[in-house]
Amino acid sequence: MTEFLFGLVTDYGVWVIFASCYLSCLLIPIPSSLMMLASGAMAAVGDMVLWEVALAAFAGAVLGDQSGYRIGRTAGDGLGRLTKNSASRQKLLTRAHTTVEKHGGIGVFLSTWLFAPLGPWVNMVAGATRMNWLRFSFWDTLGEAIWVSAYVGLGNVFSTSFSAVGEILSNAIGFVTGLAMTALLGMYLLRRARRQKS
(Lines give C-alpha, C1' and ligand atoms only; values in the text may rest on other atoms or scores of the structure.)
Protein backbone atom coordinates (compact mmCIF):
# COMPACT_ATOMS: atom_id res chain seq x y z
CA MET A 1 0.00 0.00 0.00
CA THR A 2 2.87 2.38 0.81
CA GLU A 3 4.30 2.03 -2.72
CA PHE A 4 0.84 2.69 -4.15
CA LEU A 5 0.52 5.88 -2.08
CA PHE A 6 4.00 7.05 -3.10
CA GLY A 7 2.95 6.50 -6.72
CA LEU A 8 -0.04 8.72 -6.11
CA VAL A 9 2.26 11.43 -4.73
CA THR A 10 4.31 11.25 -7.93
CA ASP A 11 1.17 11.45 -10.09
CA TYR A 12 -0.95 13.95 -8.16
CA GLY A 13 1.54 15.85 -5.99
CA VAL A 14 0.50 17.96 -3.04
CA TRP A 15 -3.19 17.01 -3.25
CA VAL A 16 -2.31 13.49 -2.13
CA ILE A 17 -0.20 14.88 0.73
CA PHE A 18 -3.14 17.06 1.79
CA ALA A 19 -5.61 14.16 1.60
CA SER A 20 -3.35 11.70 3.44
CA CYS A 21 -2.72 14.10 6.33
CA TYR A 22 -6.41 14.97 6.51
CA LEU A 23 -7.60 11.34 6.53
CA SER A 24 -4.93 10.13 8.96
CA CYS A 25 -6.36 12.60 11.50
CA LEU A 26 -9.72 10.85 11.17
CA LEU A 27 -8.62 7.34 12.20
CA ILE A 28 -7.87 6.17 8.65
CA PRO A 29 -4.57 4.21 8.70
CA ILE A 30 -2.50 6.08 6.12
CA PRO A 31 1.30 6.41 6.53
CA SER A 32 1.19 10.19 6.29
CA SER A 33 4.46 10.63 8.18
CA LEU A 34 6.33 8.52 5.64
CA MET A 35 4.60 10.36 2.81
CA MET A 36 5.78 13.67 4.26
CA LEU A 37 9.33 12.32 4.49
CA ALA A 38 9.13 11.13 0.88
CA SER A 39 7.72 14.39 -0.43
CA GLY A 40 10.33 16.37 1.51
CA ALA A 41 12.97 14.22 -0.20
CA MET A 42 11.29 14.76 -3.59
CA ALA A 43 11.39 18.51 -2.98
CA ALA A 44 15.13 18.29 -2.30
CA VAL A 45 15.75 16.87 -5.79
CA GLY A 46 13.39 19.32 -7.49
CA ASP A 47 10.43 17.01 -8.14
CA MET A 48 8.19 18.99 -5.75
CA VAL A 49 8.23 22.46 -4.20
CA LEU A 50 9.11 22.40 -0.49
CA TRP A 51 6.77 25.15 0.72
CA GLU A 52 3.86 23.63 -1.23
CA VAL A 53 4.48 20.23 0.37
CA ALA A 54 4.69 21.74 3.87
CA LEU A 55 1.58 23.88 3.34
CA ALA A 56 -0.46 20.96 1.97
CA ALA A 57 0.54 18.68 4.85
CA PHE A 58 -0.11 21.39 7.45
CA ALA A 59 -3.51 22.36 5.97
CA GLY A 60 -4.59 18.71 5.73
CA ALA A 61 -3.54 17.96 9.31
CA VAL A 62 -5.20 21.04 10.82
CA LEU A 63 -8.42 20.58 8.84
CA GLY A 64 -8.47 16.89 9.76
CA ASP A 65 -8.11 17.77 13.44
CA GLN A 66 -10.83 20.39 13.14
CA SER A 67 -13.13 17.80 11.54
CA GLY A 68 -12.40 15.39 14.39
CA TYR A 69 -13.17 18.12 16.92
CA ARG A 70 -16.46 18.87 15.12
CA ILE A 71 -17.39 15.17 15.03
CA GLY A 72 -16.82 14.97 18.78
CA ARG A 73 -18.81 18.14 19.35
CA THR A 74 -21.85 16.95 17.38
CA ALA A 75 -21.77 13.21 18.09
CA GLY A 76 -19.74 12.95 21.29
CA ASP A 77 -22.13 10.56 22.96
CA GLY A 78 -21.64 8.08 20.13
CA LEU A 79 -17.84 7.83 20.44
CA GLY A 80 -18.21 4.69 22.52
CA ARG A 81 -19.78 2.93 19.51
CA LEU A 82 -16.50 3.32 17.61
CA THR A 83 -14.73 1.26 20.25
CA LYS A 84 -17.24 -1.35 21.42
CA ASN A 85 -15.74 -4.15 19.27
CA SER A 86 -12.09 -3.24 19.81
CA ALA A 87 -10.21 -3.36 23.11
CA SER A 88 -7.29 -1.37 21.66
CA ARG A 89 -9.60 1.41 20.46
CA GLN A 90 -11.35 1.45 23.82
CA LYS A 91 -7.97 1.86 25.50
CA LEU A 92 -7.07 4.77 23.17
CA LEU A 93 -10.41 6.47 23.85
CA THR A 94 -9.90 6.11 27.60
CA ARG A 95 -6.38 7.54 27.33
CA ALA A 96 -7.71 10.41 25.21
CA HIS A 97 -10.28 11.26 27.90
CA THR A 98 -7.56 11.22 30.55
CA THR A 99 -5.28 13.39 28.39
CA VAL A 100 -7.94 16.03 27.80
CA GLU A 101 -9.22 16.03 31.39
CA LYS A 102 -5.78 16.22 33.03
CA HIS A 103 -3.75 18.23 30.54
CA GLY A 104 -6.25 20.23 28.43
CA GLY A 105 -4.57 22.21 25.65
CA ILE A 106 -1.11 20.82 26.40
CA GLY A 107 -2.56 17.33 25.91
CA VAL A 108 -3.89 18.38 22.49
CA PHE A 109 -0.47 19.83 21.61
CA LEU A 110 1.44 16.67 22.57
CA SER A 111 -1.05 14.35 20.84
CA THR A 112 -0.38 15.95 17.46
CA TRP A 113 3.27 14.97 17.29
CA LEU A 114 4.65 13.18 20.36
CA PHE A 115 1.72 10.79 20.97
CA ALA A 116 0.43 10.87 17.38
CA PRO A 117 -1.66 7.62 17.49
CA LEU A 118 -3.69 9.26 20.26
CA GLY A 119 -4.26 12.46 18.25
CA PRO A 120 -7.53 11.66 16.41
CA TRP A 121 -9.09 10.41 19.64
CA VAL A 122 -7.99 13.49 21.58
CA ASN A 123 -9.50 15.74 18.90
CA MET A 124 -12.88 14.02 19.17
CA VAL A 125 -12.81 13.95 22.96
CA ALA A 126 -11.89 17.66 23.04
CA GLY A 127 -14.99 18.36 20.98
CA ALA A 128 -17.18 16.01 23.01
CA THR A 129 -16.10 17.60 26.31
CA ARG A 130 -16.72 21.08 24.90
CA MET A 131 -13.12 22.30 25.14
CA ASN A 132 -13.02 25.93 24.05
CA TRP A 133 -12.57 25.94 20.26
CA LEU A 134 -9.98 28.75 20.24
CA ARG A 135 -7.94 26.98 22.90
CA PHE A 136 -8.13 23.70 20.97
CA SER A 137 -7.20 25.41 17.69
CA PHE A 138 -4.21 27.25 19.18
CA TRP A 139 -2.60 24.16 20.71
CA ASP A 140 -3.51 21.95 17.76
CA THR A 141 -2.05 24.34 15.17
CA LEU A 142 1.15 24.71 17.16
CA GLY A 143 1.55 20.94 17.47
CA GLU A 144 0.83 20.25 13.79
CA ALA A 145 3.42 22.87 12.81
CA ILE A 146 6.02 20.83 14.72
CA TRP A 147 4.83 17.50 13.26
CA VAL A 148 4.87 18.73 9.66
CA SER A 149 8.14 20.65 10.01
CA ALA A 150 9.88 17.62 11.53
CA TYR A 151 8.89 15.11 8.87
CA VAL A 152 9.00 17.30 5.76
CA GLY A 153 12.20 18.96 6.97
CA LEU A 154 13.98 15.68 7.73
CA GLY A 155 12.90 14.23 4.39
CA ASN A 156 14.31 17.29 2.69
CA VAL A 157 17.61 17.36 4.59
CA PHE A 158 18.24 13.61 4.38
CA SER A 159 16.77 13.11 0.91
CA THR A 160 19.16 10.31 0.00
CA SER A 161 18.08 8.11 2.92
CA PHE A 162 14.61 9.19 4.01
CA SER A 163 13.48 5.63 4.80
CA ALA A 164 16.31 5.27 7.32
CA VAL A 165 15.37 8.63 8.84
CA GLY A 166 11.76 7.48 9.12
CA GLU A 167 12.80 4.39 11.04
CA ILE A 168 15.10 6.39 13.35
CA LEU A 169 12.41 9.01 14.00
CA SER A 170 9.79 6.34 14.64
CA ASN A 171 12.10 4.58 17.12
CA ALA A 172 12.95 7.88 18.84
CA ILE A 173 9.30 8.82 19.25
CA GLY A 174 8.59 5.31 20.55
CA PHE A 175 11.41 5.65 23.06
CA VAL A 176 10.23 9.08 24.27
CA THR A 177 6.64 7.82 24.48
CA GLY A 178 7.75 4.81 26.52
CA LEU A 179 9.81 7.03 28.81
CA ALA A 180 6.87 9.39 29.32
CA MET A 181 4.49 6.51 30.05
CA THR A 182 6.96 5.06 32.56
CA ALA A 183 7.22 8.44 34.29
CA LEU A 184 3.42 8.79 34.42
CA LEU A 185 3.04 5.27 35.80
CA GLY A 186 5.68 6.00 38.43
CA MET A 187 3.87 9.19 39.49
CA TYR A 188 0.56 7.30 39.66
CA LEU A 189 2.05 4.51 41.82
CA LEU A 190 3.75 7.04 44.10
CA ARG A 191 0.48 8.93 44.58
CA ARG A 192 -1.37 5.71 45.29
CA ALA A 193 1.24 4.64 47.84
CA ARG A 194 0.95 8.01 49.62
CA ARG A 195 -2.84 7.72 49.75
CA GLN A 196 -2.63 4.25 51.27
CA LYS A 197 -0.24 5.48 53.96
CA SER A 198 -2.57 8.29 54.93
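The values are calculated or read from the model by the stated rules, or taken from the named source; none is laboratory data. Bear in mind the structure is a predicted one, so any value in this text is a computation, not a measurement. Calculation scope for accessible area: heavy atoms of the full protein, side chains included, ligands and nucleic acids excluded. Shrake-Rupley method; radii C 1.70, N 1.55, O 1.52, S 1.80 Å.
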Karplus-derived 3J(HN,Hα), 6.51/-1.76/1.60, for each residue of region 54-63, Hz, glycine and proline x: 4, 5, 5, 5, 5, 5, x, 5, 5, 5
Residues with amide H under 5 Å from that of Met48, placed H, sequence gap 5 or more: Ala43
Heavy atoms of Lys102 accessible to a 1.4 Å probe, total area in Å² rounded to 10: 140
Karplus-derived 3J(HN,Hα), 6.51/-1.76/1.60, for each residue of region 79-86, Hz, glycine and proline x: 4, x, 5, 5, 10, 5, 9, 9
Å² of accessible area per residue within region 1-91, as computed with a 1.4 Å probe and no ligands counted: 54
Whole-percent carbon and sulfur share, accessible surface of region 6-118, 1.4 Å: 63
